[in-house]
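Notes follow the structure.
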Amino acid sequence: MIQSMTGFGKAVAELPDKKVTVEIKSLNSRQLDLNARVPPAYREKEMLMRNELMQMLERGKIDLTVSIESVGRDTSIRLNRPALESYVEQIREIAGSLHVAEPADWFATLLRMPDAVQNDATQPDEAEWNVVHDAFIEAVRLLTDFRTQEGAMLQKLFEEKIAGIAQLLKQVDACEEERIEKIKSRITDNLRKLADTDYDRSRFEQEMIYYLEKLDVDEEKMRLDNHLKYFIDTLHTGHGQGKKLGFIVQEIGREINTLGSKSNHAGMQKIVVQMKDELEQIREQVLNVL
(Lines give C-alpha, C1' and ligand atoms only; values in the text may rest on other atoms or scores of the structure.)
Protein backbone atom coordinates (compact mmCIF):
# COMPACT_ATOMS: atom_id res chain seq x y z
CA MET A 1 0.00 0.00 0.00
CA ILE A 2 1.35 3.41 -0.95
CA GLN A 3 1.51 6.29 1.53
CA SER A 4 0.77 9.95 1.06
CA MET A 5 3.32 12.56 2.12
CA THR A 6 0.52 14.61 3.70
CA GLY A 7 -0.13 13.86 7.36
CA PHE A 8 -0.52 15.16 10.90
CA GLY A 9 0.16 13.67 14.31
CA LYS A 10 -0.22 15.13 17.80
CA ALA A 11 0.50 13.62 21.22
CA VAL A 12 0.72 15.03 24.76
CA ALA A 13 3.07 14.02 27.57
CA GLU A 14 1.53 14.64 31.01
CA LEU A 15 4.16 15.44 33.67
CA PRO A 16 3.65 16.50 37.34
CA ASP A 17 4.48 20.17 36.74
CA LYS A 18 3.96 20.62 32.99
CA LYS A 19 2.35 19.34 29.83
CA VAL A 20 4.51 18.75 26.75
CA THR A 21 2.77 18.74 23.36
CA VAL A 22 4.42 17.23 20.29
CA GLU A 23 2.98 18.09 16.87
CA ILE A 24 4.29 16.80 13.55
CA LYS A 25 2.86 17.69 10.16
CA SER A 26 4.09 16.81 6.70
CA LEU A 27 3.46 18.00 3.15
CA ASN A 28 4.76 16.83 -0.20
CA SER A 29 8.34 17.64 -1.18
CA ARG A 30 10.85 16.20 -3.63
CA GLN A 31 13.32 15.56 -0.79
CA LEU A 32 13.26 15.48 3.00
CA ASP A 33 12.87 19.05 4.28
CA LEU A 34 12.82 19.00 8.09
CA ASN A 35 12.07 22.01 10.28
CA ALA A 36 12.07 21.67 14.09
CA ARG A 37 10.96 24.08 16.82
CA VAL A 38 12.11 22.70 20.15
CA PRO A 39 12.19 24.59 23.51
CA PRO A 40 15.58 25.07 25.22
CA ALA A 41 14.83 22.39 27.84
CA TYR A 42 14.87 19.69 25.13
CA ARG A 43 17.43 21.25 22.78
CA GLU A 44 19.96 18.51 23.53
CA LYS A 45 17.46 15.93 22.26
CA GLU A 46 16.67 17.78 19.02
CA MET A 47 19.27 15.91 16.95
CA LEU A 48 17.97 12.58 18.22
CA MET A 49 14.41 13.49 17.19
CA ARG A 50 15.62 14.73 13.80
CA ASN A 51 17.46 11.47 13.11
CA GLU A 52 14.43 9.39 14.08
CA LEU A 53 12.16 11.47 11.85
CA MET A 54 14.54 11.03 8.92
CA GLN A 55 14.47 7.26 9.35
CA MET A 56 10.73 6.89 9.93
CA LEU A 57 9.25 9.48 7.55
CA GLU A 58 11.78 9.25 4.69
CA ARG A 59 10.54 12.14 2.54
CA GLY A 60 8.38 15.25 2.64
CA LYS A 61 8.31 18.73 4.16
CA ILE A 62 8.25 17.91 7.88
CA ASP A 63 7.46 20.42 10.65
CA LEU A 64 8.13 19.30 14.24
CA THR A 65 6.88 21.49 17.09
CA VAL A 66 7.46 20.73 20.77
CA SER A 67 5.78 23.09 23.25
CA ILE A 68 5.67 23.20 27.05
CA GLU A 69 2.71 24.34 29.16
CA SER A 70 3.22 24.76 32.89
CA VAL A 71 0.67 23.14 35.19
CA GLY A 72 -0.38 25.23 38.21
CA ARG A 73 1.11 28.54 39.30
CA ASP A 74 4.69 27.39 39.45
CA THR A 75 6.55 28.12 36.25
CA SER A 76 10.14 28.19 35.08
CA ILE A 77 9.58 31.55 33.34
CA ARG A 78 10.84 34.47 35.47
CA LEU A 79 11.19 38.22 35.03
CA ASN A 80 14.86 39.13 35.23
CA ARG A 81 14.58 41.75 37.97
CA PRO A 82 18.25 42.83 38.07
CA ALA A 83 18.21 43.36 34.30
CA LEU A 84 14.94 45.35 34.46
CA GLU A 85 16.28 47.60 37.25
CA SER A 86 19.44 48.22 35.23
CA TYR A 87 17.36 49.14 32.17
CA VAL A 88 15.26 51.62 34.21
CA GLU A 89 18.38 53.30 35.61
CA GLN A 90 20.05 53.59 32.20
CA ILE A 91 16.92 54.84 30.41
CA ARG A 92 16.34 57.55 33.03
CA GLU A 93 19.98 58.63 32.86
CA ILE A 94 19.95 58.82 29.05
CA ALA A 95 16.53 60.56 28.97
CA GLY A 96 17.82 63.19 31.40
CA SER A 97 21.04 63.84 29.49
CA LEU A 98 19.25 64.07 26.16
CA HIS A 99 16.32 66.06 27.58
CA VAL A 100 13.72 63.64 26.25
CA ALA A 101 10.63 62.23 27.95
CA GLU A 102 10.80 58.93 29.74
CA PRO A 103 8.65 56.10 28.29
CA ALA A 104 4.93 56.51 28.89
CA ASP A 105 4.49 52.75 29.34
CA TRP A 106 7.51 51.56 31.28
CA PHE A 107 6.37 47.97 31.58
CA ALA A 108 5.75 47.41 27.84
CA THR A 109 9.11 49.04 27.06
CA LEU A 110 11.05 46.93 29.53
CA LEU A 111 9.51 43.62 28.44
CA ARG A 112 10.80 44.22 24.92
CA MET A 113 14.38 44.50 26.15
CA PRO A 114 16.82 41.60 25.70
CA ASP A 115 16.99 39.21 28.68
CA ALA A 116 13.96 40.82 30.35
CA VAL A 117 12.44 37.36 30.67
CA GLN A 118 14.49 34.31 31.63
CA ASN A 119 13.73 30.63 31.60
CA ASP A 120 15.00 28.71 34.62
CA ALA A 121 13.96 25.34 33.19
CA THR A 122 16.40 22.59 34.07
CA GLN A 123 17.46 19.85 31.70
CA PRO A 124 15.02 16.92 31.85
CA ASP A 125 16.13 13.79 33.65
CA GLU A 126 15.96 10.38 31.99
CA ALA A 127 12.50 9.57 33.37
CA GLU A 128 11.00 12.83 32.09
CA TRP A 129 12.63 12.45 28.67
CA ASN A 130 11.27 8.90 28.34
CA VAL A 131 7.73 10.23 28.83
CA VAL A 132 8.28 13.01 26.28
CA HIS A 133 9.94 10.61 23.84
CA ASP A 134 6.97 8.25 24.08
CA ALA A 135 4.72 11.18 23.11
CA PHE A 136 7.07 11.96 20.21
CA ILE A 137 6.87 8.34 18.95
CA GLU A 138 3.09 8.38 19.32
CA ALA A 139 2.87 11.58 17.23
CA VAL A 140 4.97 9.92 14.52
CA ARG A 141 2.71 6.85 14.61
CA LEU A 142 -0.42 8.97 14.25
CA LEU A 143 1.13 10.87 11.35
CA THR A 144 2.08 7.58 9.66
CA ASP A 145 -1.47 6.27 10.12
CA PHE A 146 -2.74 9.49 8.55
CA ARG A 147 -0.36 9.03 5.62
CA THR A 148 -1.53 5.43 5.17
CA GLN A 149 -5.21 6.48 5.11
CA GLU A 150 -4.46 9.21 2.57
CA GLY A 151 -2.42 6.71 0.56
CA ALA A 152 -5.36 4.31 0.42
CA MET A 153 -7.56 7.04 -1.06
CA LEU A 154 -4.87 7.96 -3.58
CA GLN A 155 -4.45 4.32 -4.58
CA LYS A 156 -8.19 3.98 -5.22
CA LEU A 157 -8.12 7.14 -7.33
CA PHE A 158 -5.13 5.93 -9.36
CA GLU A 159 -6.71 2.53 -10.00
CA GLU A 160 -9.91 4.19 -11.23
CA LYS A 161 -8.06 6.60 -13.52
CA ILE A 162 -5.73 3.94 -14.95
CA ALA A 163 -8.75 1.70 -15.61
CA GLY A 164 -10.39 4.65 -17.35
CA ILE A 165 -7.40 5.13 -19.64
CA ALA A 166 -7.29 1.38 -20.37
CA GLN A 167 -10.98 1.43 -21.31
CA LEU A 168 -10.42 4.42 -23.59
CA LEU A 169 -7.51 2.59 -25.19
CA LYS A 170 -9.86 -0.23 -26.16
CA GLN A 171 -12.09 2.31 -27.89
CA VAL A 172 -9.19 3.27 -30.14
CA ASP A 173 -9.50 -0.10 -31.88
CA ALA A 174 -13.02 0.79 -33.01
CA CYS A 175 -11.68 3.90 -34.71
CA GLU A 176 -8.74 2.18 -36.37
CA GLU A 177 -10.46 0.52 -39.34
CA GLU A 178 -12.64 3.52 -40.06
CA ARG A 179 -9.65 5.86 -39.77
CA ILE A 180 -7.52 3.93 -42.29
CA GLU A 181 -10.39 3.57 -44.76
CA LYS A 182 -11.10 7.30 -44.58
CA ILE A 183 -7.46 8.12 -45.24
CA LYS A 184 -7.35 5.72 -48.23
CA SER A 185 -10.62 7.11 -49.57
CA ARG A 186 -9.44 10.71 -49.25
CA ILE A 187 -6.18 10.00 -51.09
CA THR A 188 -7.97 8.03 -53.82
CA ASP A 189 -10.58 10.79 -54.31
CA ASN A 190 -7.88 13.37 -54.68
CA LEU A 191 -6.11 11.15 -57.19
CA ARG A 192 -9.29 10.82 -59.29
CA LYS A 193 -9.33 14.58 -59.68
CA LEU A 194 -6.05 14.18 -61.50
CA ALA A 195 -7.49 11.67 -63.94
CA ASP A 196 -5.61 13.14 -66.88
CA THR A 197 -2.31 12.91 -65.05
CA ASP A 198 -0.11 9.94 -65.78
CA TYR A 199 1.43 8.30 -62.69
CA ASP A 200 3.28 5.18 -61.72
CA ARG A 201 0.68 2.95 -60.03
CA SER A 202 3.33 0.77 -58.41
CA ARG A 203 5.08 3.82 -56.95
CA PHE A 204 1.72 5.15 -55.78
CA GLU A 205 1.02 1.93 -53.87
CA GLN A 206 4.45 2.06 -52.26
CA GLU A 207 3.87 5.65 -51.14
CA MET A 208 0.42 4.72 -49.86
CA ILE A 209 1.87 1.89 -47.76
CA TYR A 210 4.65 4.17 -46.44
CA TYR A 211 2.13 6.85 -45.50
CA LEU A 212 -0.20 4.42 -43.73
CA GLU A 213 2.72 2.88 -41.84
CA LYS A 214 3.61 6.33 -40.51
CA LEU A 215 0.06 6.62 -39.17
CA ASP A 216 0.08 3.14 -37.63
CA VAL A 217 -0.38 3.29 -33.83
CA ASP A 218 -0.09 -0.40 -32.91
CA GLU A 219 3.28 0.09 -31.19
CA GLU A 220 2.01 3.10 -29.25
CA LYS A 221 -1.05 1.17 -28.10
CA MET A 222 1.08 -1.77 -26.99
CA ARG A 223 3.54 0.43 -25.09
CA LEU A 224 0.73 2.41 -23.48
CA ASP A 225 -0.94 -0.81 -22.34
CA ASN A 226 2.37 -2.02 -20.87
CA HIS A 227 2.90 1.29 -19.04
CA LEU A 228 -0.59 1.14 -17.54
CA LYS A 229 0.02 -2.39 -16.24
CA TYR A 230 3.46 -1.37 -14.92
CA PHE A 231 1.89 1.55 -13.04
CA ILE A 232 -0.59 -0.77 -11.29
CA ASP A 233 2.15 -3.32 -10.48
CA THR A 234 4.32 -0.55 -8.98
CA LEU A 235 1.31 0.79 -7.08
CA HIS A 236 1.01 -2.51 -5.23
CA THR A 237 4.72 -2.96 -4.61
CA GLY A 238 4.70 -0.92 -1.38
CA HIS A 239 5.38 2.57 -0.06
CA GLY A 240 8.27 4.72 -1.25
CA GLN A 241 7.25 4.40 -4.91
CA GLY A 242 6.24 8.04 -5.49
CA LYS A 243 9.15 9.04 -7.72
CA LYS A 244 8.92 5.83 -9.74
CA LEU A 245 5.20 6.34 -10.31
CA GLY A 246 5.98 9.87 -11.48
CA PHE A 247 8.40 8.56 -14.10
CA ILE A 248 5.82 6.03 -15.34
CA VAL A 249 3.24 8.82 -15.65
CA GLN A 250 5.68 10.69 -17.92
CA GLU A 251 5.98 7.63 -20.17
CA ILE A 252 2.19 7.21 -20.28
CA GLY A 253 1.84 10.85 -21.28
CA ARG A 254 4.42 10.44 -24.03
CA GLU A 255 2.51 7.55 -25.63
CA ILE A 256 -0.83 9.35 -25.37
CA ASN A 257 0.68 12.42 -27.07
CA THR A 258 2.03 10.26 -29.89
CA LEU A 259 -1.40 8.68 -30.35
CA GLY A 260 -2.86 12.16 -30.67
CA SER A 261 -0.29 13.33 -33.21
CA LYS A 262 -0.82 10.22 -35.36
CA SER A 263 -4.59 9.93 -35.00
CA ASN A 264 -5.71 12.07 -37.97
CA HIS A 265 -9.25 11.17 -36.92
CA ALA A 266 -11.77 13.26 -34.98
CA GLY A 267 -13.09 10.32 -32.97
CA MET A 268 -9.61 9.17 -31.95
CA GLN A 269 -8.55 12.70 -31.06
CA LYS A 270 -11.57 12.95 -28.76
CA ILE A 271 -10.48 9.73 -27.04
CA VAL A 272 -6.95 11.10 -26.66
CA VAL A 273 -8.30 14.26 -25.00
CA GLN A 274 -10.24 12.11 -22.51
CA MET A 275 -7.07 10.09 -21.81
CA LYS A 276 -5.15 13.29 -21.12
CA ASP A 277 -7.85 14.45 -18.72
CA GLU A 278 -7.61 11.19 -16.75
CA LEU A 279 -3.81 11.32 -16.76
CA GLU A 280 -3.68 14.93 -15.59
CA GLN A 281 -5.63 13.99 -12.45
CA ILE A 282 -3.09 11.23 -11.81
CA ARG A 283 -0.19 13.61 -12.45
CA GLU A 284 -1.50 16.13 -9.90
CA GLN A 285 -1.93 13.56 -7.14
CA VAL A 286 1.16 11.43 -7.75
CA LEU A 287 3.22 14.36 -6.40
CA ASN A 288 1.76 13.55 -2.96
CA VAL A 289 2.90 9.92 -2.98
CA LEU A 290 5.78 9.02 -0.67
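VAL132 falls short on exactly one of the conditions (1) farther than 28 Å from ASP17 by Cα; (2) outside any loop (DSSP other than H, G, I, E, B); (3) modelled with pLDDT of 80 or more, and that condition is (1). Here GLU69 passes the criteria (1) open to solvent by 80 Å² or more (accessible area, probe 1.4 Å); (2) in a helix (DSSP H, G or I); (3) not hydroxyl-bearing (Ser, Thr, Tyr) except the one numbered (2).
If the condition is being open to solvent by 100 Å² or more (accessible area, probe 1.4 Å) and at pLDDT below 65, then region 164-197 contributes only ASP196. For region 72-83, how many residues are assigned to a strand (DSSP E or B) and either at pLDDT 90 or above or charged (D, E, K, R) (or both)? Result for region 72-83: 1.
The values are calculated or read from the model by the stated rules, or taken from the named source; none is laboratory data. Please read these numbers as outputs of a predicted model, since none were measured by experiment. Accessible surface areas use protein heavy atoms only, side chains included; no ligands, DNA or RNA. Shrake-Rupley method; radii C 1.70, N 1.55, O 1.52, S 1.80 Å.
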